[in-house]
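Visitor: My structure is below; once you've seen it, I'll send some questions.
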Amino acid sequence: MSETKNAGNAGNAGTAGTAGTTARTPAASAEPALDISRRKLLGTVGAVGAAGLAIGAAGGAAAYAAVEGPDDTDPLASVGSTEVMFHGKHQAGITTPLQSTGHLIAFDLAPGAGRKEAAALMRRWSATAKALMAGEPAGGADTGVALDAGPSSLTVTFGFGHSFFDRTQLTDRRPVQLDPLPDFSSDQLDAKRSGGDLWVQIGADDALVAFHALRAIQQDAGAAARVRWQMNGFNRTPGATAKPMTARNLMGQLDGTNNPKPADADFEQRVFVPDTVQPAWMAGGSYAVVRRIRMLLDPWEKLPLTEQEQVIGRKKSNGAPLSGGTETTKMRLDQFGPDGKPVIALNAHARIAAPEQNGGAAMLRRAFSFHDGIAADGTPDAGLLFVAWQADPLKGFVPVQRKLDRGDALSAFLRHEASGLFAVPGGPRAGEYVGQRLLES
């Protein structure tokens, strides 16, 4: 797996897990103290006058920074110091703990661009991603947006869409797992925000670091590719909760409770393509299903708490199944209440999506929430940027979504508005770029 380095508290680890951590920089507190002595403060007053102190707290901080200047010898805070390795068996951004900021962006190759241009683009993108993930500038055209920040758990993950193989005349190497997803009755998909030749997932624990990577990737595309669609997401900031925990979505529910765990004996075979499966260039890779799922928050928030919990099948407070226990307690789907009805309703989301109800089908959900303002009808344009990772979407996402499509109580509060499926190759070896085994074999 991609390796992670961390000098301090990793914050919210979500449910995906991570590799071992080592210190990249000297340990530092998450809140570095401002060493403003009385003499320094009086000296500042003498320089700018007492009226200068009336500019408020924000202005005061700025004035102090201008007087003192940054100290390059100071160690980074724990959030900034965390570095995720670019090279590895798998690409970063799959088992990496959820980051607080995310960008999803799809590109189409420009007219006339083919395999040669795609290979050159992936070489540029890989070099940029490697530098930025190490907290280094993105080459000579670096915008400086992320100056002063460390890598901040930045990950940049690359994938190829179904149409990429037509554009590059590599259809003989296109995996069958990349065949278009079936239509679902609940879909209201916008074609302009779906699909794409190339897909990039960016995540970081600092918004400026994530934006910096987004701009660098877009600039690197140059004349070879143009943006098809782009979406922005967020999660909790590491350290916002007393201890690492499963993330909550905008409905207030813990989201990812039943995710496969790296400690599971079958985790690798569920999430990653084994070395023995064709095509060989996908060894160590995964398939990402990407869905923009709008949450109809107004009607959802009008439901009483007990009804929300019945729709999900879990307690809102701690994610425990309604059949009892804690978040990690196995659901008792055969438990009945005094009224003779199942405690976890037959159409409850947790019941229908459970692997044991789908022949063991499972996927690693690693989503971001989104809020893109208020729609014309006054409702929030908000929901989930659903990203699900699996070794085979025909055995992971498709059977589960088909079952949800037929009778999930939660479907009345969701609208699937965009969709994509991407083949994400394994991590590059040292000296390789992402996708090299496809484009140069």
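Visitor: Going by what's in this entry, would Thr326 be described as touching an Asp or Glu at 6+ places or on another chain (Cβ under 7 Å), modelled with pLDDT of 95 or more, of a type in the set (Val, Ile, Thr) and open to solvent by 20 Å² or more (accessible area, probe 1.4 Å)? Break it down stepwise before answering.
Guide: Numbers: touching an Asp or Glu at 6+ places or on another chain (Cβ under 7 Å): no; modelled with pLDDT of 95 or more: yes; of a type in the set (Val, Ile, Thr): yes; open to solvent by 20 Å² or more (accessible area, probe 1.4 Å): yes.
Considered against the rule, which asks whether it is touching an Asp or Glu at 6+ places or on another chain (Cβ under 7 Å), modelled with pLDDT of 95 or more, of a type in the set (Val, Ile, Thr) and open to solvent by 20 Å² or more (accessible area, probe 1.4 Å), Thr326 comes out as no.
Visitor: May I ask you to list the residues in segment 242-274 that are open to solvent by less than 30 Å² (accessible area, probe 1.4 Å) and closer than 21 Å to Asp206 by Cβ?
Guide: Ala247
Visitor: Could you figure out which of (1) farther than 30 Å from Asp172 by Cα; (2) over 19 Å from the mean Cα position of the chain (by Cα) isn't true of Gly431?
Guide: The single condition Gly431 does not satisfy is (1).
Visitor: Test Ser185 against the criterion of being open to solvent by 70 Å² or more (accessible area, probe 1.4 Å) and hydroxyl-bearing (Ser, Thr, Tyr), and give yes or no. Give the steps one after another, and end with the answer.
Guide: Working: open to solvent by 70 Å² or more (accessible area, probe 1.4 Å): yes; hydroxyl-bearing (Ser, Thr, Tyr): yes.
The answer is yes for Ser185.
Visitor: Name every residue in segment 248-271 that is of a type outside the set (Ser, Thr, Tyr) and within 30 Å of Asp381 (Cβ to Cβ), in order of residue number.
Guide: Arg248, Asn249, Leu250, Met251, Gly252, Gln253, Leu254, Asp255, Gly256, Asn258, Asn259
Visitor: Please give the number of the condition Leu296 fails out of (1) farther than 26 Å from His371 by Cα; (2) open to solvent by 20 Å² or more (accessible area, probe 1.4 Å).
Guide: Failed condition: (1).
Visitor: Out of Asp179, Asp187, report the one residue that is of a type in the set (Asp, Glu), out of contact with any helix residue (DSSP H, G or I) (no Cβ under 8 Å at 6 or more places or on another chain) and under 30 Å from Phe413 (Cα atoms).
Guide: Asp187
Visitor: Take Leu121 and tell me if it is of a type in the set (A, V, I, L, M), in contact (Cβ under 8 Å) with a residue 24 or more places away in the chain and assigned to a helix (DSSP H, G or I).
Guide: Working: of a type in the set (A, V, I, L, M): yes; in contact (Cβ under 8 Å) with a residue 24 or more places away in the chain: yes; assigned to a helix (DSSP H, G or I): yes.
Yes; evaluated as a whole, the condition is true for this residue.
Okay, residues lined up against (1) touching a helix residue (DSSP H, G or I) at 6+ places or on another chain (Cβ under 9 Å); (2) modelled with pLDDT under 95; (3) open to solvent by 30 Å² or more (accessible area, probe 1.4 Å):
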{"residue": "His87", "(1), (2), (3)": "yes, no, yes"}
{"residue": "Gln99", "(1), (2), (3)": "yes, no, no"}
{"residue": "Leu109", "(1), (2), (3)": "yes, no, no"}
{"residue": "Leu121", "(1), (2), (3)": "yes, no, no"}
{"residue": "Trp125", "(1), (2), (3)": "yes, no, no"}
{"residue": "Val156", "(1), (2), (3)": "yes, no, no"}
{"residue": "Arg167", "(1), (2), (3)": "yes, no, yes"}
{"residue": "Arg174", "(1), (2), (3)": "yes, no, yes"}
{"residue": "Ala191", "(1), (2), (3)": "no, no, yes"}
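The values are calculated or read from the model by the stated rules, or taken from the named source; none is laboratory data. Here the structure is a predicted model, which means the values were calculated and not measured. Neighbour counts are summed over all protein chains in view; Cβ atoms, including those assigned to glycine, are modelled from backbone coordinates with ideal geometry. Surface accessibility is based on the protein's heavy atoms, side chains included, excluding ligands, DNA and RNA. Shrake-Rupley method; radii C 1.70, N 1.55, O 1.52, S 1.80 Å.
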